[in-house]
Amino acid sequence: MRYFNETEKRLAERYHHMELGTCKICEECHKKEHLSLPIGCWCVGSDFNKTSKRILFVGKNARNNPGTIEDGFRNPFQYTRESLWNKSWPYWSYTRAITQRIFGDDSIEHIAFTNIVKCNNSGGKDTTSDFVKSNCILNLKVLQQELKVIHPTHIIFYTAWYYDDYIPNVFDRYNIHYNGSKDIGKRKMPWQEAISTLGNQTFHVLRVGHPQCKKKSDFVYEISKWLEPAL
């Protein structure tokens, strides 16, 4: 299968070690619900480790069935670069714009991108059950395992409030510094800032709303300002 750097290769190895898609926890989910195969991390850019600010974006659940099948899960590293990164959908285009603002160009190789839940039961709206959320996030701990491989310094969750009962449990400690909202166009977007730790890693965490239906210029500006206060 295609890996673009050693970090992506180590992620795939971690998925194999966890038996992602074939372990007992995954089997429980697939017996109870009609789910896609688990979809791995969208990408870890080849320049991700060349900067002191290593930014990981985290979506809700991965949608559809992207990537190539690798044992019990899908590997989307190549598909993300070739077919998703340049899409006009807010999920991708707003993230590109943030990347452009922080790094000076919008290359996917600067950032990492994953999802908090790996399987989906819908190609559209997130309808993930609490059962699947608990198994994927708390029991199998897929995102936590990804963090141990990726080593980001900054994590941006595009999850709104829908995973707030789960996100703190990904970490050893999760200290909220602000929990409120920001005006994004005519909408108020949920906005939570925290400092978290996992082992000897420390992360700056921002939990915001999904980019869909948000005013692009405001969304990009506020998140970029959080990443680079001097902007």
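How big is Rg to Rh over the chain, alpha-carbon atoms, Rh as the Kirkwood inverse-mean-distance radius?
0.93
Can you put 87, 216 in order, fewest other beta carbons within 10 Å first?
Listing 87, 216 from fewest to most nearby Cβ atoms yields 87, 216.
Post the alpha-carbon centroid distance, the range 76-95 to the range 186-231, in whole angstrom.
The distance from the Cα centre of the range 76-95 to that of the range 186-231 comes to 19 Å.
Give me the percent relative contact order of the chain, please, defined on Cα pairs under 8 angstrom at least 6 residues apart.
21 percent
Which entries in the list 148/186; 24/53; 31/182; 118/216; 50/87 go over 32 Å, if you measure between the two C-alpha atoms of each?
148/186; 24/53; 31/182
Contour minus end-to-end for residue 225 and residue 50, with contour as 0.36 nm per residue of separation and end-to-end as the Cα-Cα distance?
Fully extending the segment from residue 225 to residue 50 adds 60.9 nm.
What number, rounded to the nearest 500 deg cm²/dmol, is the helix-based mean residue ellipticity at 222 nm of the chain, given -39500 (n - 2.57) per DSSP H run of at least four residues and division by all its residues?
Rounded to the nearest 500, the figure is -8000 deg cm²/dmol.
When the C-alpha atoms of the range 124-231 are aligned to their principal axes, what extent does each axis show, in angstrom, from largest down?
Largest first, the range 124-231 extends 38, 34, 21 Å along its Cα principal axes.
Could you line up 54, 2 from fewest to most neighbouring Cβ atoms inside 10 Å?
2, 54
Every number here is computed from the coordinates shown, using simple stated rules; none is lab data. Everything numeric here is computed off the predicted structure, so don't read it as measured data. Cβ sites come from the backbone with ideal geometry, for glycine too, and all protein chains shown count toward neighbours.
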